[in-house]
Amino acid sequence: HDLKEVSMKILKKCGGLPLAIVCISSLLAATRPQATRWEKVYSSLGSEIESSGSLYRLKQALQLGFDDLPQHLKVCVLYLSSFPENCKIERDRLTRRWIAEGFVAEKPGMSVQEVAESYFSKLIERNMIQAVDVDCRGEAHACRIHDVMFELVAMKSFEENFVTLVGGRWGSSTQR
């Protein structure tokens, strides 16, 4: 019953935006179903969301999902800003780049490539990236990053001095 109440409050704050709902649902699905945890998610969305525009609400939801990522996945997401917007990114190309940049470490019983592919899968599960070229076994061979998520990631990359887009809106001296 407690989960139902907080779920309805979270849905109301998402303002009916499917991407926001999916993003927050993924965040909640990655945690144990506890009313206190879900209340924390709800309160971190901020009361100002209810009076703000829908794009701001969406960015807040995406920001919350990004902030909840473990550090090793945050770095992988930030790296996506080095690709052009709306670009289809091949899984093997992306995972090899993550490895070359030193973002992926070997884990016991797994090769570095297997670890990188698990990162790729986790980002799809959390809806940080969209699966593209899915085969009959449900395995994604490429991905895309949603336009609004790309904007958030590009801004974060610029703020963190992770990737600077030359000639892009985040590479200028003024920020949005």
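Which pairs in the list 9/156; 12/122; 12/88; 40/88; 59/107; 74/122 are over 23 Å apart, alpha-carbon to alpha-carbon? List each step's numbers first, then the result.
Numbers: 9/156 28 Å; 12/122 27 Å; 12/88 33 Å; 40/88 35 Å; 59/107 33 Å; 74/122 11 Å.
Where the Cα-Cα span goes over 23 Å, the pairs concerned are 9/156; 12/122; 12/88; 40/88; 59/107.
Measuring from label point to label point, each 7 Å out along Cα→Cβ, what is the residue 101 to residue 147 span in nm?
2.4
Ignoring ligands, DNA and RNA, what percent of the 1.4 Å accessible area of segment 71-137 is carbon and sulfur?
On the way: 1730 of 3590 Å².
Carbon and sulfur atoms account for 48 percent of the accessible area of segment 71-137.
The values are calculated or read from the model by the stated rules, or taken from the named source; none is laboratory data. In this text, all values refer to a predicted model and were calculated from it rather than measured experimentally. Neighbour counts run over all protein chains shown; Cβ positions are idealised from the backbone, glycine included. To get the accessible areas, we keep the full protein, side chains included, count just its heavy atoms, and leave off ligands, DNA and RNA. Shrake-Rupley method; radii C 1.70, N 1.55, O 1.52, S 1.80 Å.
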